[in-house]
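Read through the structure below, which is laid out as structure tokens, and then see the notes.
Nothing in this text is a laboratory measurement; each read-out follows from the coordinates by a stated rule. These numbers were taken from a predicted model, which means no experiment stands behind them. Counting neighbours? That spans all protein chains shown, and the Cβs are built from the backbone with ideal geometry, glycine included.
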Amino acid sequence: MKNKKFLILFLYFITLGLSLDSFIMANPVVIPGDGFPARPTFWESFYEGLPVFFIGFLFAIIIESIFGYILFFRKNKKGISAVTIANLISFPLFYLYLTSTLYKSQFLPLSSMLPPFIFGESAVIFFEMFIFKIVLRKEITYKKAFTASLSLNLTSLLLGFVAVIVINIIQSRL
């Protein structure tokens with residue numbers, strides 16, 4: 001049990017360290033009169049994105065819970081609890097990491113945003129795998145926990161992209 005607690009704390013502090021490092025590097029000193037428009041601070045960018053955060057947060061929990069029940073945890077109700085616990089922890093940390101990382105690359109091309117996104121999503125998949133294993137203990141193997149985490153995260157990611165595209169199409173026609 002001590003190893004599991006250590007692993008959770010280790011992953012938590014790694015993620016926190018990445019987020020704080022990104023936050024510190026994301027706040028340059030704005031020099032007035034340099035000819036460039038002052039960009040918003042990290043916290044302004046963070047708060048601007050909060051409605052999107054809450055929509056994405058609810059979307060991820062609902063989608064991953066539904067598909068988790070259908071595909072993996074129909075006979076094991078603790079599995080849905082594991083999905084919820086994993087998302088309650090990983091989604092806010094991923095949002096903080098991604099917001100601070102993308103804030104730093106605000107004026108860079110879209111392709112520069114892909115590596116931090118892939119790194120963050122990969123970290124979430126492994127983190128949620130460990131949460132599934134810890135919550136479900138002997139009821140799930142690491143392989144099945146990884147498969148569940150990968151499948152559920154890819155499902156919510158793809159359905160999220162589809163939802164954003166559909167919303168943008170609807171808004172463009174109004």
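When the Cα atoms of segment 111-174 are aligned to their principal axes, the ranges along those axes come out at 52, 26, 14 Å in descending order.
Spacing of the modelled spin labels on THR84 and PHE119, each 7 Å from Cα toward Cβ, amounts to 3.3 nm.
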